[in-house]
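Read-outs throughout are calculated quantities, based only on the coordinates presented, and are distinct from any laboratory measurement. What you see is a predicted model, and the numbers here were worked out from it, not measured in a lab. With ideal geometry, Cβ positions are generated from the backbone for all residues, glycine too; neighbour counts draw on all protein chains shown.
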Amino acid sequence: MSADLITVLLFIGLVVLLLMGFPVAFTLGGLSVILGYFVFGFEFFNLLPLRVFGIMTNYVLIAVPLFVFMGTMLEKSGIAERLLNTMSLLLGRLRGGLALSVVVVGALLGATTGVVGATVTTMGLLSLPTMLKRGFSKSLSTGTIAAAGTLGQLVPPSVIMVLLGSVMNVSVGDLFAAAIVPSVLLVGVYLIYIYAIALLKPEQAPPIDADELADFWRQGMLARVFRAFVLPSFLVIAVLGSIYTGIATPTEAAAVGALVATVLTALEKKLTWNVVVDVCKQTTFLTSMVFIILVGATAFGLVFRGIGGDDVLVRLLERTNLNPQFFLAVVLIGIFIAGAFIDFIEIIFIFVPVIMPLLVKYNFNLIWVGILMTACLQTSFLTPPFGFTLFYLKGVAPPEISTGDIYRGVVPFIALQLLITFLLLSFPDILSLIPTGARR
């Protein structure tokens, strides 16, 4: 059979098996092993272990379990709860101050945890009942918490960027640096939107009670603010500071973050044997899920490249004569749509390796493309029907919050994320703080 026909059969088989409900990792691996044997013979089984061993010895990927451990441990420390309460009182004089504080805390937690499930669950449990009690609308409350909880995917350090850096063969540190400006822009438009809603529709976002605020400002305000901010700030400086100053690689910085998060939990007197066991179990579960999908995707990539599938796509692209900008826009739209149905890990390990030869052919700067992809993958956490953030939030929401309330709440924030992605696509020079040569 020709390479074109085998490539088509490979993709049709993958889609059919996924739609039938088979697990992604075993679908990728099983289909690739069967097709690899029939196409290449027994020699395929001599090549596959070498590729899997390459994953096992990939130094960059060590950062994945370390960052997951750091985020999970920090979630157990209780620091997030104190930070959220203090920030809401600091911004309490403003209309919508509680919602504004949720966004700011989401950004800070994103820079310290990067684990969406932990962040959304924590903020949902802590802030959603309070927002509803203070008179915030259901849609604004749920939308704000869901959007703020996903900021950790764009705010460095980010597990998405670690995985993308490995798949795209680019510097994870450069991706982290390049994400600073988009992160600030996204947080900024969230804050502007919430404040505008609070001004235009004050009944949806009332201020905090004056008596409660007066008590906060009278009774040890400075001490509470210092205690709430100093520990998270120390963790951010330890992780990102060591990367940007060149003291540590992202993988080494992840180890530093895991250690610091453990020390902070101990300082908060929350470090017990049960906490350590629970954190290790969660870290093992999430890491195993990532790496078993990666093994399956590696087998898929070996077969795909072995049959010349990347050459087939390049030839197909040459026939269409697509403009490079239009091609990249189509890629981002594809990632956005796929994100509504499948997990970001699967997109990174299935979709990105397939289009990499085309990105190289068009001579795109891969750091810039990586940031655009990260922005789209972050949006995938919010897009119905299968956005994971929606499920996390629904799981901890009070009974009066319906799925429809959450869906209506996230729509404006999805639009704001797409707006930032469009700006980054149209005006690459917005990334003014990224390393030399990282612009398009």
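Observations, loosely collected:
- Note on Ile333 and Ile34: the extension gain reaches 104.5 nm, defined as 0.36 nm multiplied by sequence separation minus the Cα-Cα distance.
- Sites Lys201 and Phe422, calculated FRET efficiency, Cβ-Cβ separation with R0 22 Å, nearest 0.05: 0.25
- Using just its DSSP H runs of length 4 or more, each adding -39500 (n - 2.57), the chain gives a mean residue ellipticity at 222 nm of -23500 deg cm²/dmol after division by all residues.
- Close Lys pairs in segment 3-430, defined as Cα atoms under 18 Å apart and 8 or more places apart or on different chains, number 8.
- FRET E, pair Arg51, Lys133, Förster distance 45 Å, beta-carbon r, rounded to 0.05: 0.25
- For Phe391 and Val277, the FRET efficiency from 1/(1 + (r/R0)^6), where r spans their Cβ atoms and R0 equals 30 Å, is about 0.75.
- For the chain, the calculated P(r) over all alpha carbon pairs, in 10 Å bins from 0 to the bin holding the longest distance, is 4, 20, 30, 26, 13, 5, 1, 0 percent.
- Distance between segment 325-370 and segment 153-199 - C-alpha centres, whole angstrom: 17
- Of the residues Ala415, Gly97, Leu163, the one whose Cα sits farthest toward the positive end of the charge dipole of segment 3-430, with +1 on the Cβ of Lys and Arg and -1 on the Cβ of Asp and Glu, is Gly97.
- Top of Asn274, Asn85, Asn365 by mean-square fluctuation, Gaussian network on the chain, Cα under 10 Å: Asn274
- Using the average count of surrounding beta-carbon atoms within 10 Å as a protection proxy, the listed peptides 366-372, 290-296 rank, highest first, as 366-372, 290-296.
- Taken about its Cα centre, segment 3-430 carries a charge dipole of roughly 620 debye when the Cβ of each Lys and Arg holds +1 and the Cβ of each Asp and Glu holds -1.
- Among 124-136, 10-22, 250-262, sorting by the average number of other beta carbon atoms lying within 10 angstrom of each residue, highest first, gives 250-262, 124-136, 10-22.
- In nm, spacing of pseudo-spin labels at Ala415 and Phe11 (7 Å Cα→C-beta vector): 3.3
- Inter-label distance for Ile237 and Gln325, nm, one decimal - labels placed 7 Å from Cα along Cα-to-Cβ: 4.3
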